[in-house]
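Derivation of every value follows stated rules applied to the coordinates shown; laboratory data play no part. The structure displayed is predicted, hence computed values, not measured ones. No Cβ is skipped: glycine too gets one built from the backbone with ideal geometry, and neighbour counts run over all protein chains shown.
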Amino acid sequence: MVKTIQMTIDETLLQQVDRTVRDLNTTRSAFIRLALEQALRQYQVRRLEECDEVGYTAVPAAATETDEWATEQEWGDVWNAAK
């Protein structure tokens, strides 16, 4: 179900949105929906990272806990370029 909402927005921000909407050949509604979806995903990731931080602070990983994964790391071209 789609709902229609009304919102207040600063004129300068609206001008930026309108320019971007024209550049992307989309609508205000589609652009704002996408922006809200991305903001919600970022918020969810931050919350998960905060939970991880709390957990690892409460129960830190042992020094040898990740040793078995050391040979599985893939550094790609970034590693080779640094040599």
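General observations
- In degrees, nearest ten, helix 11-24 long axis to first principal axis of the chain (Cα): 80
- Among the chymotrypsin sites (Phe, Trp or Tyr not before Pro) in segment 18-83, those placed in a DSSP loop whose Cβ has at most 10 other Cβ atoms within 10 Å are Trp75.
- Tilt relative to the chain, helix 28-58 - C-alpha long axis, 0 to 90 degrees, to 10: 30
- Net charge dipole, the chain: roughly 780 debye, given to the nearest 20, about the Cα centre with Cβ charges of +1 for Lys and Arg and -1 for Asp and Glu.
- In the chain, a dipole from Cβ-located charges (positive for Lys and Arg, negative for Asp and Glu) runs towards its positive end, and of Gln44, Thr26, Ala61 it is Thr26 whose Cα lies farthest in that direction.
- Entry note, the chain: the mean residue ellipticity at 222 nm calculated from DSSP H runs of n ≥ 4, each adding -39500 (n - 2.57), is -21000 deg cm²/dmol after division by the residues and rounding to the nearest 500.
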